[in-house]
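Read through the structure below, which is laid out as structure tokens, and then see the notes.
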Amino acid sequence: MTISSRFAVAVHILSLLDMFKDSRLTSEMIAGSVNTNPVVIRRIMGMLNKAGLVRTSAGVAGAKLARPMSEITLLDVYRAVQGEQEGLFAMHENPNPECPVGRNIQGALETAFRRAQAAMEGELAKVTMADISLDILRNGAENH
């Protein structure tokens, strides 16, 4: 599978920005919660900013949500951080054209892969970041 952790980290970032909306969260603070390098956070924040999901500013000003969490779906986040050519599955390159399987495997898999990608995106479109925040709060209350 080619879905990277960028998607989960982006959801984590947006959840933090929502939970601590009255605070100034820097990439260093967010990186502490995610347990990664601030450079990774800044890269993903740039993607979220470009997609119009967050507003960032240079320096220590931090970042803020650009839209309410109820107006951001998991599909929006997925599309913001996944590359144009990346999808749920990747085709292996250069199968042997002399082999009957190698010659035909890509065509045989394309439709199935496209349908799986569409089904996943349909599910992501049904879940908002507000739903995720509510689950986080609910789970936090149950664990205390």
Net charge over other residues, Cβ less than 12 angstrom from the Cβ of ASN37 (K, R count +1; D, E count -1): +1
Report, in degrees rounded to the nearest 10, the 0 to 90 angle that the Cα long axis of helix 38-50 makes with the longest principal axis of the chain. 80 degrees
The whole-number value in µm²/s of the Stokes-Einstein translational diffusion coefficient for the range 1-131, with Rh from the Kirkwood sum over alpha carbon pairs at 25 °C and 0.890 mPa s, is 150 µm²/s
Which whole-number percent is the relative contact order of the range 26-81 (Cα, under 8 Å, 6+ apart)? 29 percent
About the Cα centre of the chain, how large is the charge dipole given +1 on each Lys and Arg Cβ and -1 on each Asp and Glu Cβ? Please answer in debye to the nearest 20. 400 debye
The chain: calculated mean residue ellipticity at 222 nm from DSSP helix runs of at least 4, using -39500 (n - 2.57): -18500 deg cm²/dmol
In nm, what is the difference between 0.36 nm times the number of residues separating LYS21 and HIS92 and their Cα-Cα distance? 21.3 nm
Charge dipole of the chain about the Cα centre (unit charges at C-beta), most positive-ward option of ALA31, ALA130, SER57: SER57
The chain: relative contact order in percent, alpha carbon pairs under 8 Å with at least 6 residues between: 29 percent
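Bear in mind these aren't lab numbers, they're just calculated from the coordinates by the rules spelled out. What you see is a predicted model, and the numbers here were worked out from it, not measured in a lab. A quick note on method: Cβ atoms are made from the backbone with ideal geometry, for glycine too, and the neighbour counts reach across all protein chains shown.
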